[in-house]
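Report on one structure; see the data block that follows.
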Amino acid sequence: MSEKTVTFGDGVVLPAIGQGTWYMGEQAGQRRQEVAALRAGIDLGLTLIDTAEMYADGGAEEVVGEAIKGQRDKVYLVSKVYPWNAGGQKGIAACDASLRRLGTDRIDLYLLHWRGNYPLAETVKLMETLQQQGKIGRWGVSNLDYADMQELGQVPGGHHCATNQVLYHLASRGIEYDLLPWCQQQQMPVMAYCPLAQAGRLRTGLMNHPVVQAIAQDYNASAAQVLLAWVVSHQGVIAIPKASSIEHVAENAGALTISLSAEALLQLDQAFPAPGQKTALDVL
């Protein structure tokens, strides 16, 4: 069975499931396991790795740096800049620090983590400067809603935005009202963070939902694989579940080969309907 891929505007083709690193690098005792998990993911073809200067105050980037040592060319590296660093010299210094921690001279895709006090025009200017310096390949945004994206499009160079990374899973479908269709129309990939829902009640409720469980049984898959397969069934959507252990990474990779039937998708849609009107963007 063919695995699902997503194509970026510059022709880069990536597997529709990558590896997230939120909460990595926080405990020294976990480091070896985290590095091993990321390496296993790369071996399984999950070559997009997403991180940020925010995660463990740069600790996650250091874990990624260790994992990709000696195989940088196999990996599509995504990192994110804090809003308060997203302009001028602060932005260049932040990017340089990320590059040092990652042990590389280039980030493939560099994102504004969320909107802050810097005008979008200044952030775009920073991204263009970093591109000219060869420090980043493409740039994009995270946690921007439809109106923000329209505003970004009016900024000189704003149309070069390569992606928008937002919270998206079966129980949080607000982006389907306007943001996701617009991104699809622009052929701008959407990166879905927390594709298995955040920890706690919501995640458990999703994993244990009878409809999800029944479909998992039909496909001889896990509930998590069904949830990931649902996210990436949407055109141009890349899921970035956390790559916390080798077992989880193997499970995530297996979801790439699951193609849910129209009937299964309908059942999930009925169990977790999308909102019929505009809702505020879910952010974690």
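Going through Glu62, Glu53 one at a time, which residue ends up being farther than 12 Å from Gly103 by Cβ and either touching a Pro at 6+ places or on another chain (Cβ under 6 Å) or acidic (Asp, Glu) (or both)?
Testing whether each residue is farther than 12 Å from Gly103 by Cβ and either touching a Pro at 6+ places or on another chain (Cβ under 6 Å) or acidic (Asp, Glu) (or both) leaves just Glu53.
Residue check, Gly45 against (1) more than 17 Å from the chain's Cα centre (by Cα); (2) in contact (Cβ under 8 Å) with a residue 12 or more places away in the chain, all met but one. Which one?
Only one criterion is unmet by Gly45, namely (1).
If you go through region 140-165 one residue at a time, how many are more than 23 Å from Ala93 (Cβ to Cβ) and touching a strand residue (DSSP E or B) at 6+ places or on another chain (Cβ under 6 Å)?
3
Let me confirm something: among Gly174, Gly205, which residue is more than 22 Å from Gly9 (Cβ to Cβ) and touching an Asp or Glu at 6+ places or on another chain (Cβ under 9 Å)?
Every option except Gly174 fails the conditions.
Scan region 140-160 residue by residue and report those that are in a loop (DSSP other than H, G, I, E, B) and more than 30 Å from Gly103 (Cα to Cα).
Residues satisfying the conditions are Asp145, Val155, Pro156.
Can you find, within region 109-136, the residue that is surrounded by the fewest Cβ atoms within 10 Å (Cβ to Cβ) among those that are within 21 Å of Met191 (Cα to Cα) and in contact (Cβ under 8 Å) with a residue 40 or more places away in the chain?
Trp114
For every residue, the table says whether it meets (1) part of a helix (DSSP H, G or I); (2) open to solvent by 40 Å² or more (accessible area, probe 1.4 Å).
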position: Ala162; (1), (2): no, no
position: Val166; (1), (2): no, no
position: Cys183; (1), (2): yes, no
position: Pro195; (1), (2): no, no
position: Leu202; (1), (2): yes, yes
position: Leu228; (1), (2): yes, no
position: Gln235; (1), (2): no, yes
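Go through region 54-72 residue by residue and tally those that are touching an Asp or Glu at 6+ places or on another chain (Cβ under 7 Å) and either among the small types (Gly, Ala, Ser) or not in a helix (DSSP H, G or I) (or both).
Summing the residues that are touching an Asp or Glu at 6+ places or on another chain (Cβ under 7 Å) and either among the small types (Gly, Ala, Ser) or not in a helix (DSSP H, G or I) (or both) in region 54-72 gives 2.
Right, Gln19: of a type in the set (S, T, N, Q) and over 22 Å from Val231 (Cβ atoms) or not?
Considered against the rule, which asks whether it is of a type in the set (S, T, N, Q) and over 22 Å from Val231 (Cβ atoms), Gln19 comes out as no.
Would you mind stating whether Glu263 is open to solvent by 10 Å² or more (accessible area, probe 1.4 Å) and within 22 Å of the chain's Cα centre (by Cα)?
For Glu263, the condition - open to solvent by 10 Å² or more (accessible area, probe 1.4 Å) and within 22 Å of the chain's Cα centre (by Cα) - is not met.
Restricting attention to region 48-68, which residues are farther than 18 Å from Gly137 by Cβ and within 16 Å of the chain's Cα centre (by Cα)?
Once the filter is applied, which keeps residues that are farther than 18 Å from Gly137 by Cβ and within 16 Å of the chain's Cα centre (by Cα), region 48-68 yields Met54, Tyr55, Ala60.
One line per residue, one yes/no per condition, for (1) in contact with a Lys or Arg (Cβ under 6 Å, 6 or more places away or on another chain); (2) more than 30 Å from Glu176 (Cα to Cα); (3) among the hydrophobic types (A, V, I, L, M, F, W, C):
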residue: Ile107; (1), (2), (3): no, no, yes
residue: Tyr110; (1), (2), (3): no, no, no
residue: Gln131; (1), (2), (3): no, yes, no
residue: Arg138; (1), (2), (3): no, no, no
residue: Asp145; (1), (2), (3): no, no, no
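This table checks each residue for (1) in a helix (DSSP H, G or I); (2) touching a strand residue (DSSP E or B) at 6+ places or on another chain (Cβ under 6 Å).
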| position | (1), (2) |
| --- | --- |
| Lys90 | yes, no |
| Ala93 | yes, no |
| Leu99 | yes, no |
| Thr104 | no, no |
| Arg115 | no, no |
| Ala121 | yes, no |
| Arg138 | no, yes |
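Restricting region 237-251 to residues that are part of a helix (DSSP H, G or I) and open to solvent by 10 Å² or more (accessible area, probe 1.4 Å), which is farthest from Arg32 (Cα to Cα)?
Glu251
Within region 1-41, work out how many residues are free of Cβ contacts under 8 Å to residues at least 60 places away in the same chain and open to solvent by less than 10 Å² (accessible area, probe 1.4 Å).
So the count comes out to 1.
Among the residues of region 20-41, is there at least one that is in a strand (DSSP E or B), modelled with pLDDT of 95 or more and in contact with a Gly (Cβ under 7 Å, 6 or more places away or on another chain)?
no
Which of the residues that make up region 204-226 are part of a loop (DSSP other than H, G, I, E, B) and closer than 12 Å to Phe272 by Cβ?
Within region 204-226, just His209 meets the criteria.
The values are calculated or read from the model by the stated rules, or taken from the named source; none is laboratory data. Everything quoted here is computed from the prediction, not taken from an experiment. Glycine also receives a Cβ, built like all others from the backbone with ideal geometry; neighbour counts cover every protein chain displayed. Surface areas here come from the heavy atoms of the whole protein model, side chains and all, with no ligands, DNA or RNA. Shrake-Rupley method; radii C 1.70, N 1.55, O 1.52, S 1.80 Å.
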